[in-house]
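Worksheet: the structure to be examined is printed underneath.
The values are calculated or read from the model by the stated rules, or taken from the named source; none is laboratory data. This structure is a prediction, so every number in the text was calculated from the model and none was measured. Note that each Cβ is placed from the backbone with ideal geometry, even for glycine, and that neighbours are counted across all protein chains shown. Note: accessible area is taken over every heavy atom of the protein model, side chains too, but ligands, DNA and RNA are not part of it. Shrake-Rupley method; radii C 1.70, N 1.55, O 1.52, S 1.80 Å.
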Amino acid sequence: MRPSTLESRLGLLATLAVAAFLIGPVIMSVLAGLTRNAFVGLSSGLTLRWVAQVWDLYADTVWRSLAVAVATLCACLLAGVPAAWALTVHRGRLAGAFEALLTLPVAVPGLATALALIVSWGTFGALRGSVAFIVIGHVLFTLPFMVRAAQASMALAGLAALDQAAATLGASRAQRFFHIVVPNAMPGILTGSLTVLTLSVGEFNLTWLLHTPLTKTLPVGLADSYASMRLEIGSAYTLVFLLMIMPLLLGLQWLAGRATVPGAAAASSPRAMSRLPTRETP
C-alpha cells in the first residue's frame, strides 16, 4: 500500500471518528426526545408526544429567539459593515484602539458583559424588562464577528484602490459604498451574517442574566426544561432547536456559496464603473 493511500485512509478514519464523537450525542439526544421512555430506549416505541408538549410550553421562546436573532443581525449589518469599511480604509493607532475595544466583549465572559449592562441601564425599567435589552447584549457580543468577516473580505478584494478610482470618476461616498464596497464584500458579509445568527440563537450565558420570565429565549427555555422537566422533554426541545436552526444555516451557506469572488467582482467591472457619474472636464 502506497504511503499516500495509507495517509488518505487514516485521514478518513480520523474524520469519521471526530464526526461520530461530535454528532453521536446529538443523535442520541434527538432519539431520546422521540421515544416513549428514554431510559428504555427505542424498544419503548416512538412518539411525538414530547415534541407537542414542548411546543405547547415553549413555543413563545422559539419565536422570541428568532426575533432577537433577526434584530441582532439587522443591527450588526447597519453598524458592522460601515465599521469594517472604516477600519479597512483608515489604519492607525486610533483604528487599532477601536478594533481592540470592539473585540473586548468576545474576550470578556458573557455574564460579566450582562452584569455591566444591568449596572449601566438596569434602572430603566421599560428597557430592562424588554426584548430590546437582550438584543443590545447580543449585538455587543456578535458585532466583532460581523466586522472581522466583512473587513477580511474587503481587504482581500482590494477595495481601497477601487474606491479611489470611483472617487476620481465623481462618485459620491454613498454611491461608492453601495455600488463598489458592498457587492465586493458580500461573501464576507454573508459569512458574518451566518455567524451572527447562529451565535445569537444559541447564546445562553449573556441571555440568562438579561432575561426576565416574560423575555425567555430558546436556550434559556432549553436549560429550564432539562432542569425541571422529564429528560424526554429536554431532548425534544433540542430537536425543536435543530429544526429551527438548520434551515437558517443551510440557507445562508447556500447564499454564501453563490456570492463567489468572481461574481462579486462584477460590481467592479468596467461596465459597473461606467454607470458611476463622471466629472465634467472643461
Handout entry: Top-ranked residue in the stretch 198-246 [being more than 14 Å from GLN53 (Cβ to Cβ) and of a type in the set (Gly, Ala, Ser); ranked as farthest from the chain's Cα centre (by Cα)]
Key = ALA227
Exercise for the section: Of all residues in the stretch 131-144, count the ones that are touching a residue at least 60 places away in the same chain (Cβ under 8 Å) and crowded, with 19+ Cβ neighbours inside 10 Å. Expected result: 9
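Results for (1) of a type outside the set (Phe, Trp, Tyr); (2) under 20 Å from ALA69 (Cβ atoms), shown as yes or no for each residue.
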position	(1), (2)
PHE124	no, no
ARG128	yes, no
PHE133	no, yes
HIS138	yes, yes
PRO144	yes, yes
Handout entry: Residue count, the stretch 170-180 (criterion: surrounded by 16 or more Cβ atoms within 10 Å (Cβ to Cβ) and more than 18 Å from CYS74 (Cα to Cα))
Key = 5
Problem - Options THR5, THR61, THR72, THR15: the member that is among the β-branched types (Val, Ile, Thr), touching a Leu at 6+ places or on another chain (Cβ under 7 Å) and either over 29 Å from LEU190 (Cβ atoms) or assigned to a helix (DSSP H, G or I) (or both) - result: THR61
Practice task
Could you please find all residues in the stretch 161-212 being of a type in the set (Ser, Thr, Tyr) and farther than 26 Å from MET246 by Cα?
Solution key: THR168, SER172, THR212
Completion exercise
Considering residues that are of a type outside the set (S, T, N, Q) and either out of contact with any helix residue (DSSP H, G or I) (no Cβ under 6 Å at 6 or more places or on another chain) or modelled with pLDDT under 85 (or both), the number found within the stretch 204-218 is 2
Practice task
All but one of (1) over 18 Å from the mean Cα position of the chain (by Cα); (2) exposed (fewer than 13 other Cβ atoms within 10 Å of the Cβ); (3) of a type in the set (Gly, Ala, Ser) hold for ALA116, so report the exception by its number.
Solution key: (2)
Completion exercise
Within the stretch 140-197, residues more than 27 Å from the chain's Cα centre (by Cα) and among the hydroxyl-bearing types (Ser, Thr, Tyr) come out as THR168, SER172
Problem - Which numbered condition ALA227 misses (of (1) crowded, with 18+ Cβ neighbours inside 10 Å; (2) at pLDDT 70 or above; (3) among the small types (Gly, Ala, Ser)) - result: (1)
Fill in the blank from the handout: Just one listed residue, out of LEU197, LEU214, is within 23 Å of GLN253 (Cβ to Cβ), of a type in the set (A, V, I, L, M) and either touching a residue at least 60 places away in the same chain (Cβ under 8 Å) or not in a helix (DSSP H, G or I) (or both), and it is LEU197
Completion exercise
Conditions (1) more than 16 Å from ALA83 (Cα to Cα); (2) modelled with pLDDT under 80 -> GLN175 fails only (2)
Completion exercise
Scanning the stretch 55-76 for residues that are under 11 Å from GLY221 (Cβ atoms), within 22 Å of the chain's Cα centre (by Cα) and open to solvent by 30 Å² or more (accessible area, probe 1.4 Å) gives ASP60, ARG64
Fill in the blank from the handout: Taking the stretch 230-254 and keeping only residues that are out of contact with any Gly (no Cβ under 9 Å at 6 or more places or on another chain) and either modelled with pLDDT of 85 or more or not in a helix (DSSP H, G or I) (or both), one is left with ARG230
Handout entry: Considering residues of the stretch 186-200 that are among the β-branched types (Val, Ile, Thr) and at pLDDT 90 or above only, the residue nearest to ILE136 (Cα to Cα)
Key = VAL196
Problem - The lone exception for LEU22 - which of (1) surrounded by 10 or more Cβ atoms within 10 Å (Cβ to Cβ); (2) hydrophobic (A, V, I, L, M, F, W, C); (3) within 22 Å of VAL201 (Cβ to Cβ) it fails - result: (1)
Problem - Selection within the stretch 1-58 - aliphatic (A, V, I, L, M) and closer than 30 Å to PRO213 by Cβ - result: VAL26, VAL30, ALA32, LEU34, ALA38, LEU48, VAL51, ALA52, VAL54, LEU57
Practice task
Quick one: which residue in ALA52, ALA79, ALA83 is open to solvent by less than 40 Å² (accessible area, probe 1.4 Å) and assigned to a helix (DSSP H, G or I)?
Solution key: ALA83
